[in-house]
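Heads up: the structure comes next, in structure tokens.
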């Protein structure tokens, strides 16, 4: 069962206003660098509930969805 | 009825889509609470504030017989495992906005019909090569919209594709959820004439009964009935329904930015307890009139007719109106006249459950006004100046920084001192209200 986990994110704002997530700050203090953003689109998270701009990111070689919902970031984490 | 209609075939030159967000409130709740998805769910108002009715339900609740508008206790009797969740209107507004942004990618002719429904006219946006088979192109766009809403928002829509608004709306009701129904000018008779006449937009219970008395049970019966007979029984309304059933509706889909003219501004309150005496009524009228006056001022409007609606605790309701001597936006005047209207028409046979106040015959606040020789205008100007000052104070220091003493007698009844905004939300009977 997946869980909706709100996270802190370091974001780079481009000159044209685009946002690029750079680093995710996990609940326990660990930080994960976003290696690459593979895709950006509006999407819903049916796993944990919610919808917003979905960033498909590669972090430590694994593909992860990072959502920007209204004014907060969340990930679909495992329980 | 003009007989020209008998000789004209319905014109299939437009492509109209009607998009309906399925079980809207319940779908948004289920999206945000995945643990509820395999349970019957209803979104319900606050029972303690006596707003305890089912506002929306999901498919599972629907299959148990739960109906929108019934009391929550009735719904729970029908479906004991029903999960009732409170509404989150800000979320629904957000989802409604997101859906409309998707629709706007296809056309600027988008006319909302409530928070969860929209008509789209996509005729002008089809490329030249698609004009040959407009309905097929419309169906393809309908599927695109359906897929996008599901993927981008996590909820589903049903879409009706047709050549007029009435059949597009009918189509979106035929197949749910997450589906597209096409009703074309060539096949609409076979497709919908066998359906019950109540399926047609604007045929409510009362019209349905009248039509049934004429032997009209299906849309086809309505379409083939003599238009003269229908006119004699239902007047202009009969002409209109006959045209709808035959596919002659030509009403346009409004373009974005063509704002509808505000025809009335009103509010109503269902009190948490019955109103037993005139003091209770005065308190509620005070809250209502202040809200209506504040909204009218923010739109720069004054009103010439005041309407009062009353519903008793057995749900019997009536509405009375009065034409005012002069246009006003003053809460004080509205209170005085609404209370006069109330005293004239209410005999206190039963306690009151809800009250509503509405101002109509609106005009701009700078419109010329016929003055009266016997009115003390200096007093009126003083009163207006006080109300404007109070409004400014509330804007600067919060909605309850200053209150009328009358509303402090029962703070729960009037919401005095609570976080509730002074401007109440629009009442359901508020026509084209701002």
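Each value in this text was obtained by applying a stated rule to the coordinates, not by laboratory testing. It should be emphasised that the depicted structure is a prediction, and the values quoted were computed from it without experimental measurement. Here Cβ is always computed from backbone atoms with ideal geometry, including for glycine, and neighbour counts include all displayed protein chains.
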**Inter-probe distance in nm under a simple model that places probes 7 Å from Cα toward Cβ, at residue B:105 and residue A:5** = 3.1
**Request:** Quick one: grab the alpha carbon gyration tensor of segment A:1-53, order the square roots of its eigenvalues as a ≥ b ≥ c, and give me rounded if a/c is under 1.5, else prolate or oblate depending on whether a/b is larger than b/c.
**Result:** oblate
**Message:** Can you classify segment B:256-309 as rounded, prolate or oblate using the Cα gyration tensor, where a ≥ b ≥ c are the square roots of its eigenvalues, rounded means a/c under 1.5, and otherwise it's prolate if a/b beats b/c and oblate if not?
**Reply:** prolate
**Complete:** Ranked output for segments B:349-356, B:402-409 by mean other Cβ atoms within 10 Å, highest leading, reads B:349-356, B:402-409
**Complete:** Per its Cα gyration tensor (rounded if a/c is under 1.5, else prolate when a/b beats b/c, else oblate), the protein assembly as shown is best filed as oblate
**Asked** Nearest-5 percent of antiparallel DSSP beta bridges in the protein assembly as shown?
**Response** 90
**Request:** Would you mind telling me the antiparallel percentage of the DSSP bridges in chain B, rounded to 5?
**Result:** 85
**Message:** With angles folded into 0 to 90 degrees, how steeply does helix B:134-153 sit against the dominant principal axis of chain B? Use alpha carbons for both and round to 10.
**Reply:** 50
**Prompt:** When B:371, B:102, B:269 are ordered from fewest to most other Cβ atoms inside 10 Å of their Cβ, what list results?
**Reply:** B:371, B:102, B:269
**Message:** What is the angle, in °, between the Cα long axis of helix B:377-397 and the longest principal axis of the Cα atoms in chain B? Nearest 10 is fine, range 0 to 90.
**Reply:** 70
**Fill in**
Inter-chain shielding metric for A:46-55, i.e. average beta-carbon neighbours from other chains within 10 angstrom, reads 4
**Request:** Find the Cα radius of gyration of segment B:264-414, compare it with 2.2 N^0.38 Å by division, and give the number to two decimals.
**Result:** 1.05
**Complete:** Per the helix-only model, chain B has a calculated mean residue ellipticity at 222 nm (DSSP H runs of ≥4, -39500 (n - 2.57) each, divided over all residues, rounded to the nearest 500) of -11500 deg cm²/dmol
**Request:** Going by C-beta contacts inside 10 Å, put A:5, B:218 in order with the fewest on the left.
**Result:** A:5, B:218
**Asked** In degrees, nearest 10, range 0 to 90: what is the angle between the Cα axis of helix B:278-299 and the longest Cα principal axis of chain B?
**Response** 60
**Prompt:** So, by mean Cβ neighbours within 10 angstrom, what's the order for B:286-292, B:308-314 with the highest one leading?
**Reply:** B:286-292, B:308-314
**Request:** Please order B:344, B:100 by the number of other Cβ within 10 Å, starting at the fewest.
**Result:** B:344, B:100
